[in-house]
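See structure below.
Bear in mind these aren't lab numbers, they're just calculated from the coordinates by the rules spelled out. Computed from a predicted structure; not experimentally measured. With ideal geometry, Cβ positions are generated from the backbone for all residues, glycine too; neighbour counts draw on all protein chains shown.
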Amino acid sequence: MKIIGIIIGVILLGIAGWIIGTYNRLVTLRNRAKEAWADIEVQLKRRYNLIPNLVETVKGYATHEKELFEKVTEARTKAITAGTMREKAEAENALTSTLKSLFAVVENYPNLQASKNFLELQEELRDTEDKIQAARRFYNTNVRDLNIKIETFPSNIIAQWFGFKKMEFFEIEEGSVAREPVKVKF
């Protein structure tokens, strides 16, 4: 009888250990995904801070492009205030599109393209875009790992018991705004 009690105790301890280990792994994965999202937000804020400087630099050369500057400003505001992951991704795609339009306008102003200030801002934006892309990949990797753990048996049972929810991927258009090929017209 005593041996059966010990065996049952060991089994219960094993189950408890597995539950605790699985719970702790889920918490770790969720926190890594949140940390990765914070990294994306840091880079997005850096990008948002660069955009007004970029617009002001271009404004000095392209004064009759008022509508484009308003679109860029509006897209930036929407990206900053977006709430859900899907809204954020859509706003970022719209911002990227308007920035591409801004860079297309720049092609018509050779003096602007040669401006040291503009070139520095363009390089900073390119660097920021690279960092956003790296942070996005890191975030999506962590979200993938969390979602797999939440969906696979038997850890899905623990995830359900403790209310763990799948997280959304952050998917934006590939390609850097500052890396669009320059069109040469003769």
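At-a-glance table
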read-out	value
Exposure proxy order (Cβ contacts within 10 Å, fewest to most) of 132, 4	4, 132
Cα pair distances in the stretch 108-173, grouped into 5 Å bins until the bin that holds the longest one, percent each	4, 15, 15, 13, 10, 10, 8, 7, 6, 5, 4, 4, 1
Theoretical FRET efficiency, 1/(1+(r/R0)^6), r = Cβ-Cβ of residue 123 and residue 20, R0 35 Å, to 0.05	0.10
nm² value of the averaged projected area, convex hull over the Cα atoms of the chain	13.1
Ranked list, fewest to most other Cβ atoms within 10 Å of each Cβ, for 98, 141, 152	152, 141, 98
Expected 222 nm ellipticity per residue - DSSP helices of 4 or more, -39500 (n - 2.57), all of the chain, to 500	-27500 deg cm²/dmol
Span-rule helices in the chain, defined as complete DSSP H runs reaching 18 Å or more along the axis (Cα) with Kyte mean at least -0.5	2-61, 85-106
Check: the stretch 54-171 dipole with +1 on Lys, Arg Cβ and -1 on Asp, Glu Cβ, in debye	420
Least to most buried among 125, 68, 12 (fewest other Cβ within 10 Å first)	12, 68, 125
